[in-house]
Amino acid sequence: MKPFAYERAGSVRAAVTAAVDDPGAVFLGGGTNLVDHLRLGITHPGRLIDVSRLPLEDVEELPDGGLRIGATLRNSDLAAHPLVRTRFPVLSRALLAGASGQLRNAATTAGNLLQRTRCRYFQDPTTPCNKRDPGSGCSALTGYTRQHAVLGASEECIAVHPSDMAVAAAALDAVVVTTGPEGERRLPVTELLRLPGDEPQRDNTLLHGELITALEVPPLPAAARSGYRKVRDRASFAFALVSVAAVVETEGSTVRWARIALGGVAHKPWRATRAEDALAGAPATEDSFRRAAEAELAAAEPLPGNAFKVPMARRTLTAVLSDLTAGEPQ
């Protein structure tokens, strides 16, 4: 048992100040990821600062039609919120595809975004892992790779980000609002989370002591027609082999624009900009969707154990776009 201090923050500013003053401090929200890591012995914070009781649980409609979602709002409540279900169904469906009902009742908005990889080598302190122990090596490179990245990986790490919600947030151009030692700032979700490069131990771009206070989703009328599809080994409580979040706007039989993110294929939600570019102005046909998927996946570098993810991602993306343009719910 590694001893640690615990305190419950009374305000956002108090939480930030306490964390900044202690290099061993981490924030505790729902605990569905951090507590597991404490039990596994793969993280050893000196202090837990409990932010779960901060008044950050509201969903607020913004004047422009977007939403501001509190950082401590539970995943179940967010998925069930009427404004989320009607205006941004891709977000609701992604949340409901994650974990289990019990975990969704505990997990928070910010914690969902910041959860760490479920790579079996990262979670096993007896094996080398550059994410857990920088410079020790990546056991996955010569080990079990079925769950691992085919896009944006490096020689240092091939793990994938596990969040379903983050994939939908990336497709929606969502932004996190933070309070930190330098005040408030705003970060697109696609910039909050990062690829491994040569620093795989850094999952995100937050500063020490910087606390997420909200997630903002911009107005996007076309998001009422949006979808999320997750391919996994079993129907529930399983992480994505491949997932797709998409929003499509058409004019007649032509795609005006699309916003697409892939999950289960990279160290962070993979914004499919090549596919988006290929679809702009293209006919809304299965052939166009397939070509767009192929353009996106041309950069894939799979390993023998996960090469199946490339055709799986192509077929899943094609199917989601076909169903959305046919008006089918996802």
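For the chain, calculate the relative contact order in percent as a whole number, restricting contacts to Cα pairs under 8 Å that are 6 or more residues apart.
Reported relative contact order: 17 percent.
Quick one: Cα convex hull volume of the stretch 124-256, Å³ per residue?
Enclosed volume per residue, from the Cα hull, is 162 Å³.
Over the stretch 191-330, what per residue volume does the convex hull of the Cα atoms give, in whole Å³?
143 Å³
In whole Å, what are the Cα extents of the stretch 267-330 along the three principal axes, biggest one first?
Per principal axis, max minus min of the Cα coordinates gives 36, 22, 22 Å.
For Cα extents along the principal axes in Å, several values are listed as (i) 59, 38, 33; (ii) 61, 51, 35; (iii) 73, 55, 35; flag the one computed from this structure.
Checking each listed value against the structure points to (ii).
What number, rounded to the nearest 500 deg cm²/dmol, is the helix-based mean residue ellipticity at 222 nm of the chain, given -39500 (n - 2.57) per DSSP H run of at least four residues and division by all its residues?
-7500 deg cm²/dmol
Let me make sure I get this right: for the stretch 88-174, a, b and c are the square roots of the gyration tensor eigenvalues over alpha carbons, sorted descending. Under 1.5 in a/c it's rounded, otherwise prolate if a/b > b/c, else oblate. Which is it?
Prolate is the answer for the stretch 88-174, as a/c is 1.5 or above and a/b outweighs b/c.
Please report, to two decimal places, log10 I(q)/I(0) for the stretch 1-61 at q = 0.20, 0.22, 0.24 Å⁻¹ as given by the Debye formula with identical point scatterers on the Cα atoms and no solvent.
Values returned for q = 0.20, 0.22, 0.24 Å⁻¹ are -0.77, -0.89, -1.00.
Treating only the Cα positions of the stretch 181-247 as identical point scatterers, give the base-10 log of I(q)/I(0) from the Debye formula at each q in 0.11, 0.26 Å⁻¹.
With one equal scatterer per Cα and no solvent, log10 I(q)/I(0) is -0.46, -1.11.
At a Cα cut-off below 17 Å, give the lysines reachable from residue 309, other chains included and same-chain residues fewer than 8 away excluded.
Here the lysines satisfying the reach criterion relative to residue 309 are 230, 268.
For the stretch 194-211, in order, what is each residue's ³J(HN,Hα) by Karplus, 6.51 cos²θ - 1.76 cosθ + 1.60 with θ = phi - 60°, in whole Hz (x at glycine and Pro)?
Using θ = phi - 60°, the values come out as 9, 6, x, x, 9, 10, x, 5, 9, 6, 9, 9, 5, 7, 4, x, 7, 10 Hz.
In whole Hz, with x marking every Gly and Pro, tabulate ³J(HN,Hα) for the stretch 173-182 from phi via Karplus 6.51 cos²θ - 1.76 cosθ + 1.60, θ = phi - 60°.
Karplus-based 3J(HN,Hα) across the stretch 173-182 equals 6, 5, 10, 8, 9, 10, 10, x, x, 9 Hz.
Could you pull out every residue, at least 5 positions away or on a different chain, whose amide H is within less than 5 Å of the one on residue 213? Hs are placed 1.01 Å off N in the peptide plane, and Pro or chain starts have none.
177, 178, 179
Given a Förster radius of 30 Å and the C-beta distance between residue 323 and residue 294 as r, what FRET efficiency does 1/(1 + (r/R0)^6) yield to the nearest 0.05?
Efficiency at R0 = 30 Å is approximately 0.95.
Each value in this text was obtained by applying a stated rule to the coordinates, not by laboratory testing. Predicted model only: the values in this text are computed from it and were never measured. Glycine gets a Cβ as well: all are built from the backbone with ideal geometry, and neighbour counts include every protein chain shown.
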